[in-house]
Structures are given as structure tokens and as C-alpha cells.
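Colleague: Structure in C-alpha cells, see below.
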There are 2 protein chains.
Amino acid sequence: MDCIFCKIIAGQIPSDVVYKDDKVIAFRDISPMAPVHLLIVPRQHIVSLNDVAEAQVTLVGHIVHVAKLLAKQQGIAEKGYRVVINCGRDGGQAVQHLHVHLLGGRELVNGLG
Amino acid sequence: MDCIFCKIIAGQIPSDVVYKDDKVIAFRDISPMAPVHLLIVPRQHIVSLNDVAEAQVTLVGHIVHVAKLLAKQQGIAEKGYRVVINCGRDGGQAVQHLHVHLLGGRELVNGLG
């Protein structure tokens, strides 16, 4: 496996992990774009949102639910935050392993990209 | 109800609807920030991601799944797209009814806000 997120999940590359369960892991983005910038990643190697099967709807719901829980844990739930899934080239997806961004801790420009 | 999305769902305000099922409705954003800019909205009035109950994890998964299906329907699945949930003031949430943005049809800046 030449996937950097799979290596992080396997503990072969260090990361600043803030949450773990049997389905997902969450860690700080190494190039944060906001005071809080976490990535929530399924343990299973799924390339992108395009590759999520209908049977995995609950997994995606769980990932977003964890983003919401982490917003609370990180103290940004009340002020607000943004949850982003980039898919493919036009979406700016940088790592080919599905991940959800959680951003907060500052006022986010309403540009959406 | 003084919620603009509830009024759209009830058909009291016209909108360019692209998808409907028993749980969600999707329509074009009236101020599009990309050639394709859809909003996917649960029929149930939920204020924000903060207000989604744990029992509604499947609903959130379904909303994101619909975003993925609509990316395909709109012809942007292969080139790529971005899925965004803004929550609260710092997140830039403009309407106080949970909604998921689907953006595509151009290269999205990787700014994430």
C-alpha cells in the first residue's frame, strides 16, 4: 500500500491523532488552514466519495457524526465550523483516500472554493 | 414557520428542484458559486449539524449519498466536486436549516474557506 493515510492508520507514519474508533481515525492536518483543521478518515481504503457503495451510507454518516463530535471536543461547536469533502481533481482532493475536513477556530470565508 | 427552506420544501417559494425523495430535496443555489451549485436539504427542519441527533446518522449519510448521486447526474463526478456543510457563524451558515452544498463544474480553489 502506497497510501499515506493507510500508513498513518497502520502507525507507520506518526500523526497527531485526536480520535479513534473501530471504523475511523481523526488527526490534525499537517498543513492546517485554520486553528482547528482535522481530517476524519475511514480505516478502510476507499479512494473517494465516488467510490462509496450504497451499503456504506452509514459509514459516511458516521464520519460526519464524528466531525460533529470533534467540533464539540475542540471547543468550536458553538462558534461554528465547516465540514468539507473534496472529490477528484476539480474538488482539490489531495490524498486518494476518502477524508473529511473539519475546519474552525476562525471565521471561515464563505467562498466554498 | 419562517424558514425559507421549509417554504421551498412546502412549495410556497419556487425553486429549481433537481431531486426529491421522502427524506430530502435538492435544488439549485440562487447565488451559485460554481457552474453546478446544489443544496441538498432534509425535509425535516433541523437547524444545523450541531442539532443532528445520533439516531439521525443514517439521514446525514443519505444526504451525502444524494450529493454523490447528483454529482453523477450533473456530469461532474469524474472531473470532481466539493461537498460542504457550514455550521454556525464561523462556518458561514447562511440559512438556519441544515443543508449540504454540492459544488463543481470548475476547478475549486483548495482554500476550504
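The values are calculated or read from the model by the stated rules, or taken from the named source; none is laboratory data. This is a predicted model, so every value here is computed, not measured. For neighbour counting, all protein chains shown are included, and Cβ atoms are generated from backbone atoms with ideal geometry for every residue, glycine included. Keep in mind that these areas ignore ligands, DNA and RNA; they rest on the heavy atoms of the full protein, side chains included. Shrake-Rupley method; radii C 1.70, N 1.55, O 1.52, S 1.80 Å.
Colleague: Which condition does B:I63 not pass, out of (1) closer than 23 Å to A:I76 by Cβ; (2) in contact with a strand residue (DSSP E or B) (Cβ under 8 Å, 6 or more places away or on another chain); (3) more than 8 Å from chain A (Cβ to nearest Cβ); (4) surrounded by fewer than 24 Cβ atoms within 10 Å (Cβ to Cβ), if it passes all the others?
Modeller: Unmet for B:I63, out of (1) closer than 23 Å to A:I76 by Cβ; (2) in contact with a strand residue (DSSP E or B) (Cβ under 8 Å, 6 or more places away or on another chain); (3) more than 8 Å from chain A (Cβ to nearest Cβ); (4) surrounded by fewer than 24 Cβ atoms within 10 Å (Cβ to Cβ): (4).
Colleague: Output yes when any residue across the stretch B:1-12 is among the aliphatic types (A, V, I, L, M), out of contact with any Ser or Thr (no Cβ under 8 Å at 6 or more places or on another chain), crowded, with 19+ Cβ neighbours inside 10 Å and within 14 Å of chain A (Cβ to nearest Cβ), and no when none is.
Modeller: Checked against the condition, which is being among the aliphatic types (A, V, I, L, M), out of contact with any Ser or Thr (no Cβ under 8 Å at 6 or more places or on another chain), crowded, with 19+ Cβ neighbours inside 10 Å and within 14 Å of chain A (Cβ to nearest Cβ), the stretch B:1-12 yields no hits at all.
Colleague: For B:V41, are the conditions met, namely being assigned to a strand (DSSP E or B), aliphatic (A, V, I, L, M) and more than 8 Å from chain A (Cβ to nearest Cβ)? Before you say what the answer is, go through the steps one by one.
Modeller: Values: assigned to a strand (DSSP E or B): yes; aliphatic (A, V, I, L, M): yes; more than 8 Å from chain A (Cβ to nearest Cβ): yes.
Yes, satisfied.
Colleague: For the stretch B:75-113, what are the residues that are among the aliphatic types (A, V, I, L, M) and either open to solvent by 10 Å² or more (accessible area, probe 1.4 Å) or at pLDDT 95 or above (or both)?
Modeller: If the condition is that a residue be among the aliphatic types (A, V, I, L, M) and either open to solvent by 10 Å² or more (accessible area, probe 1.4 Å) or at pLDDT 95 or above (or both), then B:I76, B:A77, B:V83, B:V84, B:I85, B:A94, B:V95, B:L98, B:V100, B:L102, B:L103, B:V109 are the ones that fit.
Colleague: Residue by residue through the stretch B:44-56, note down the ones that are open to solvent by less than 20 Å² (accessible area, probe 1.4 Å) and at the interface with chain A (Cβ under 7 Å from one of its Cβ atoms).
Modeller: Within the stretch B:44-56, the first condition is being open to solvent by less than 20 Å² (accessible area, probe 1.4 Å), and the residues that meet it are B:46, B:48-49, B:52.
Of everything in the stretch B:44-56, those that are open to solvent by less than 20 Å² (accessible area, probe 1.4 Å) and at the interface with chain A (Cβ under 7 Å from one of its Cβ atoms) turn out to be B:L49, B:V52.
Colleague: Next question, about the same structure. What residue, among those in the stretch B:1-27 that are closer than 13 Å to B:L70 by Cβ and touching a residue at least 40 places away in the same chain (Cβ under 8 Å), is farthest from the chain's Cα centre (by Cα)?
Modeller: Taking the candidates together, the pick is B:D21.
Colleague: Conditions: (1) touching a strand residue (DSSP E or B) at 6+ places or on another chain (Cβ under 8 Å); (2) aliphatic (A, V, I, L, M); (3) buried (at least 19 other Cβ atoms within 10 Å of the Cβ); (4) under 30 Å from B:P35 (Cα atoms). A:M33 meets all but one. Number of the miss?
Modeller: (3)
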